[in-house]
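Note sheet for the following structure.
Quick note: the coordinates plus some simple rules give every number you see, no bench work behind them. Just so it is clear, the structure is predicted and the values come from calculations on it, not from any experiment. In this analysis, Cβ positions are derived from the backbone assuming ideal geometry, glycine residues included, and neighbour counts consider all displayed protein chains.
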Amino acid sequence: MIVEVLVAVSVVTALILVAMAVSQKSIYVSRESLHITQASFLLEEGAEAVRILRDNAWNNISSLNSGTDYYPTFSGGTWTLSQTANTVGIFTRTVVIASVSRDNTTQDIAPSGTDDVGTKLVTVTVSWGEGGVVVTKTLSFYLMDIFS
């Protein structure tokens with residue numbers, strides 16, 4: 001009889017531990033999913049901020065240094081790009097502008113050729129810490145001077 005009680009208590013204890021482990025993992029996955037969704041929204045918002053800067057004046061984009069990290073900030077009713085790091089909650093969002101070259105014959109974007117001053121490659125990156133690891137999501141797109 002005592003053996004049966006010990007076996008029953010052991011089984012119940014094992015089931016409780018398994019249930020706790022499953023619930024802990026589901027909370028971690030749920031939190032990770034929430035952070036990925038929030039990062040996606042921040043990526044899109046960063047892309048829209050750069051487009052708004054372009055729409056206000058191409059010089060807002062063309063005057064930026066290639067390869068430099070910029071941080072989108074909403075202040076004074078509009079978006080700006082600053083070199084001062086800022087965070088949104090746990091997220092750090094950066095924008096990097098790169099020059100674009102065009103093939104001299106086809107005028108397609110190419111690794112080498114003539115520098116196209118009316119086109120820039122924009123890379124928006126959102127990073128955050130998740131379980132001791134830095135997670136990074138990136139969105140790259142071309143931006144053109146459509147108003148000149």
Sorting S63, V95, T114 by the position of each Cα along the dipole of segment 1-119 (Lys, Arg +1; Asp, Glu -1; all at Cβ), the one nearest the positive end of that ordering is V95
Candidates L81, L17, L121, ranked by Gaussian network fluctuation over the chain, Cα under 10 Å, top entry: L17
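Can you tell me the dipole magnitude for the chain around its Cα centre, using point charges on the Cβ only (Lys, Arg +1; Asp, Glu -1), in Debye to the nearest 20?
Numbers: 8 positive and 13 negative charges, 56 e Å.
Charge dipole, the chain, about its Cα centre: 280 debye, nearest 20.
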How high is the relative contact order of segment 2-144, in percent, counting Cα pairs under 8 Å that sit 6 or more residues apart? 18 percent
Report the Cα centroid-to-centroid distance between segment 100-133 and segment 21-79 in angstrom, as an integer. 17 Å
Would you mind computing, in nm to one decimal, how far apart the modelled labels at A8 and S140 are, each placed 7 Å from Cα along Cα→Cβ? 6.4 nm
Where a ≥ b ≥ c are root eigenvalues of the Cα gyration tensor, a/c under 1.5 meaning rounded, otherwise prolate if a/b exceeds b/c and oblate otherwise, segment 50-148 counts as oblate
Per 0.36 nm of contour for each residue apart, how much would the distance between N104 and L34 grow if the chain were fully extended, relative to their Cα-Cα spacing? 20.6 nm
